[in-house]
Amino acid sequence: MTDEELRGQGSPGSPARGCGPGMPGEPSQQDYTHPSAGWGAARSVGQVLMRSREPIAGARAMLRMNQERNGFDCPGCAWPDDPNGLHLDLCENGIKHVTWEMTGKRADPAFFAAHTVTELSGWSDFDLENAGRLTEPMRYDATSDHYVPVSWDEAFALAGRHVQALDSPNQAAFYTSGRLSNEATFLYQLWARELGTNNLPDCSNMCHEASGRALQASIGTGKGTVTITDWEQADSIWVMGVNAASNAPRMLTALSDAYKRGCGIVHINPLIEVASRRTIVPHEFVAMGTFRSTPTGTMDIQPRIGGDLALMRGVAKVVLEKDAVDHEFLNRYATGLDDYRAVCAATSWDEITASSGVDEDTIRRLADVYIASERTIISWCLGVTQQEHAVDTIREITNLLLLRGNIGKPGAGPSPIRGHSNVQGNRTCGIDHRPKPEFLDRLAAACGINPPREHGLDTVGVLKAMTEGSVRVFVGMGGNFAMAAPDTSYTFAALRKCALTVQVSTKLNRSHLVHGTDALILPCIGRTETDIQASGPQVITVEDSMSMVHASRGRRRPAAPSLLSEPAIIAGLARASLPSSGTPWQAYVENYDRIRDTMGQVLDGFEDVNRLARQPHGFRLRQPARERVFLTPSGLAELSSAPLPSVDLSGGLLMLGTMRSHDQWNTTIYSDNDRYRGLRNLRTVIFMNRDDMGRLGLSEFDHVDITSVAKDGSERSVYGYRAVGYDIPAGNAAGYMPEMNILCPAGDYSEQSGQPLMKHLRVRVTPAP
Ligand SMILES: Nc1nc2c(c(=O)[nH]1)N[C@H]1C(S)=C(S)[C@@H](COP(=O)(O)OP(=O)(O)OC[C@H]3O[C@@H](n4cnc5c(=O)[nH]c(N)nc54)[C@H](O)[C@@H]3O)O[C@H]1N2
Ligand SMILES: Nc1nc2c(c(=O)[nH]1)N[C@H]1C(S)=C(S)[C@@H](COP(=O)(O)OP(=O)(O)OC[C@H]3O[C@@H](n4cnc5c(=O)[nH]c(N)nc54)[C@H](O)[C@@H]3O)O[C@H]1N2
Ligand SMILES: [Mo]
């Protein structure tokens, strides 16, 4: 099979297999009726531990995860640790994620000698990562079509020659996946900016860019304001566009605790996800033994895809009608209320219900819940952010919170659920293609460099520039850019036009096979492993979703003696490409405390980071909006007044959102099952409303071809998918990334955030011939 056929780009009617292992057995689907987490999770963990060939070491490593002071930070997600003594809140997916890194298998030089790149391209993405941990730096050799071993010095020199040969530093791009530590991040952006470019695309450009922009505009700082303690004090928690049980499983603990103390929990999602039902709290072993479960939801609202802005508008309309606003707060801290009031009054219920897909009664009931609550938290993730009008939507969420003073008081506020474990820290520490002038000033002063001032390219911009030939060197610091980016064929062609692609990785993935003329695989140590440098074992720091910065130290022997740490690799690349650099790269790598000392001169809140991060739970970065200090131009929280988006689904098109299954971590696929959606042995699926299926004459598991229609009218297709009926509003559909990235047109991104519209594809579904 070619890689195209795997993902369903073969020919009409030919069955697609998907990126997973291709498990034998007919696909099936049964509604999931059990509580989330609990024994199903325990069984699934056991299978993963066995498969990684590390059952004992894996179990032992779990006990070191997320522990105060001495553990490593779970690389699974960015949900915070519980600061109140519960240090060990294990989750199924964190465990899977950690053991995947700790596998006993190795993709070593013998492995690469045995397989050409062309051959590996026909392997599934599961099989690629399942080859095990990378052990040696490798260079692509075009004559043999193999990756061949190269010394670290030669690898750095090759990259250095390429970078120095560029006409301008803007011909290079430096991608970051959200795993990178704060220290590696800081060195990485320093390298790019000392070279002279702000081309720092990152996974945030596909993830929470919209959240940062919206919160920056509304409250003056681009982060959430709440802490895990606030989650423990809210009267009402809204979970919008998050598949919590799979993607932020430790949130289940917070939700079940909230339920027990009488907090209302509203799930706003076109799909009914299992987190809105019941859970067995992962660490409650007694509950596990007795199968005792707790509800994790009190109300479900099912908007259309992209309907959240109108839904929030409807709630605000009722709040204003009933004058249930916090006048004192608004008078003292906010601006824009008159305009917002006028916009809400002018938006008709017809518009609101058409745009949201939710009827007026239901919206009024939601408004009653909101008005009855003294302290409300609204949380959201990709269902909200990967939309055309995401910035407007998140500003509307903030408007609604501001109306009732739900910010800067205990138990209330906006709470974006970030994805990668350190994606928030990456932004804090300088990964930003639109850096603020004040940050650059301080960087210049502390590091003695002259950073460029013009904005750089984001993910979508880099794809275009590579296609046009104006970016020729691509460095991927972690992640799997080829598969994570939209428009797979376009992205592959863009990467193949590069003179050099460099991937710093722990495991083999497709981004190594879709490469430039020259290509390097630079293997690094992982989060679970010890990082020993000249001054001894090092700690790194990370920041979670709620602005807590803390130290992380790995305990395991690195997967191979030749692996380098990410800071060491960045320093090596930087020295080779900046021969006359005055930056003490070597000294930084010898002792990461020195990196943190410099960070303290550049970043607010990091002044004493070497001491603070080593405290048991680290420290909280100040979030001024939490103290009702709004760093906006007006000095006040700014209400927005955006028009509602219109719904255009002419020609019988469906609106499709791409999402994750339970058994995957972004582009890393563990199996072809999605336990909480009751699906087995299938990833090339489209979940559809049963009426829509009937209209198209489709029965369960019928083969379909799917074509997306881009804004410019261009079409992209996948073949041989299976249709499965699901509880989702008519006119909407869902399926899995990264398979469906083929259907995401690279040119269709939000004007507001630059984010590709990964949850907003207009598709035509046809029965396969
Ligand atoms: N186990 C595991 N954990 C992960 C990840 C993983 O892949 N696996 N990925 C990590 C990363 S990087 C991220 S960013 C997060 C992602 O976490 P999520 O945001 O939960 O990711 P998705 O699977 O894309 O799910 C999006 C959810 O949005 C809903 N949705 C779709 N369209 C809309 C809409 O218009 N409105 C609303 N309200 N909802 C909508 C979908 O039904 C789905 O429940 O998880 C992180 N954690
Ligand atoms: N259609 C569609 N596309 C999407 C999304 C969607 O919802 N729909 N979601 C988007 C989102 S939110 C995100 S965050 C991106 C994810 O995009 P990425 O972050 O680029 O992708 P990952 O799959 O998380 O990266 C997996 C790879 O990371 C490497 N890796 C793992 N651990 C480490 C480490 O410690 N260090 C280093 N250097 N490498 C490591 C391994 O080699 C592994 O193969 O995808 C985006 N793409
Ligand atoms: Mo993400």
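Considering only residues of the stretch 129-138 that are closer than 30 Å to Arg683 by Cα and crowded, with 23+ Cβ neighbours inside 10 Å, which is nearest to ligand 1 (Cβ to nearest atom)? Restricting to residues being closer than 30 Å to Arg683 by Cα and crowded, with 23+ Cβ neighbours inside 10 Å, the top hit is Glu129.
Only one residue in Val763, Val724 is within 16 Å of ligand 2 (Cβ to nearest atom) and in contact with a strand residue (DSSP E or B) (Cβ under 7 Å, 6 or more places away or on another chain), so which one is that? On inspection, the qualifying residue turns out to be Val763. In the set (1) over 22 Å from Tyr749 (Cα atoms); (2) in the same structural domain as Gly297 (by TED's automatic domain parsing); (3) away from ligand 3 (no atom under 16 Å from the Cβ), Leu215 fails one condition alone, (1).
When the stretch 387-413 is limited to residues that are closer than 27 Å to Cys744 by Cβ and not in a helix (DSSP H, G or I), the one that is nearest to ligand 1 (Cβ to nearest atom) turns out to be Gln387. Here Asp141 passes the criteria (1) surrounded by fewer than 19 Cβ atoms within 10 Å (Cβ to Cβ); (2) of a type outside the set (A, V, I, L, M, F, W, C); (3) in contact with a Pro (Cβ under 7 Å, 6 or more places away or on another chain) except the one numbered (3).
Quick check on the stretch 656-675. Is at least one of its residues over 22 Å from the mean Cα position of the chain (by Cα) and more than 16 Å from ligand 2 (Cβ to nearest atom)? No, the stretch 656-675 contains no residue that is over 22 Å from the mean Cα position of the chain (by Cα) and more than 16 Å from ligand 2 (Cβ to nearest atom). Listed here are the helices (runs of 4 or more DSSP H) enclosed by the stretch 208-265 that have at least 2 residues being out of contact with any strand residue (DSSP E or B) (no Cβ under 7 Å at 6 or more places or on another chain) and under 23 Å from Tyr333 (Cα atoms): 209-219.
From the list Arg622, Arg596, Arg556, the one residue that fits, being over 20 Å from Gly222 (Cα atoms), outside the structural domain of Ala214 (by TED's automatic domain parsing) and surrounded by fewer than 22 Cβ atoms within 10 Å (Cβ to Cβ), is Arg556. Among the residues of the stretch 446-468, is any outside the structural domain of Arg213 (by TED's automatic domain parsing), of a type outside the set (Ser, Thr, Tyr) and within 16 Å of ligand 3 (Cβ to nearest atom)? Within the stretch 446-468 (the criterion being outside the structural domain of Arg213 (by TED's automatic domain parsing), of a type outside the set (Ser, Thr, Tyr) and within 16 Å of ligand 3 (Cβ to nearest atom)), the answer is yes, since at least one residue qualifies. For beta carbons closer than 6 Å, sequence separation of 6+ or different chains, a first residue in the stretch 423-434 that is within 16 Å of ligand 2 (Cβ to nearest atom) and a second that is among the basic types (Lys, Arg), the qualifying pairs are Gln424/Arg418. Screening Thr118 on (1) within 21 Å of Ala494 (Cα to Cα); (2) assigned by TED's automatic domain parsing to the domain that holds Arg442; (3) among the polar types (S, T, N, Q) shows it passes everything except condition (2).
Note on the stretch 750-769: residues that are within 16 Å of ligand 3 (Cβ to nearest atom) and part of a loop (DSSP other than H, G, I, E, B) total 7. If you go through the stretch 266-275 and keep only what is part of a loop (DSSP other than H, G, I, E, B), within 20 Å of Ser293 (Cα to Cα) and touching a Lys or Arg at 6+ places or on another chain (Cβ under 9 Å), you end up with just Glu273. Looking across the stretch 365-412, the residues that are of a type in the set (Gly, Ala, Ser) and under 30 Å from Thr459 (Cα atoms) come down to Ser379, Gly383, Ala390. Within the stretch 553-571, the residues that satisfy the criterion of being at pLDDT 95 or above, within 25 Å of Pro584 (Cβ to Cβ), in a loop (DSSP other than H, G, I, E, B) and not hydrophobic (A, V, I, L, M, F, W, C) are Pro558, Ser562, Ser565.
The values are calculated or read from the model by the stated rules, or taken from the named source; none is laboratory data. None of these values were measured; they are calculated from a predicted model. Heads up, the Cβs are rebuilt from the backbone with ideal geometry, glycines too, and the neighbour counts pull from every protein chain shown.
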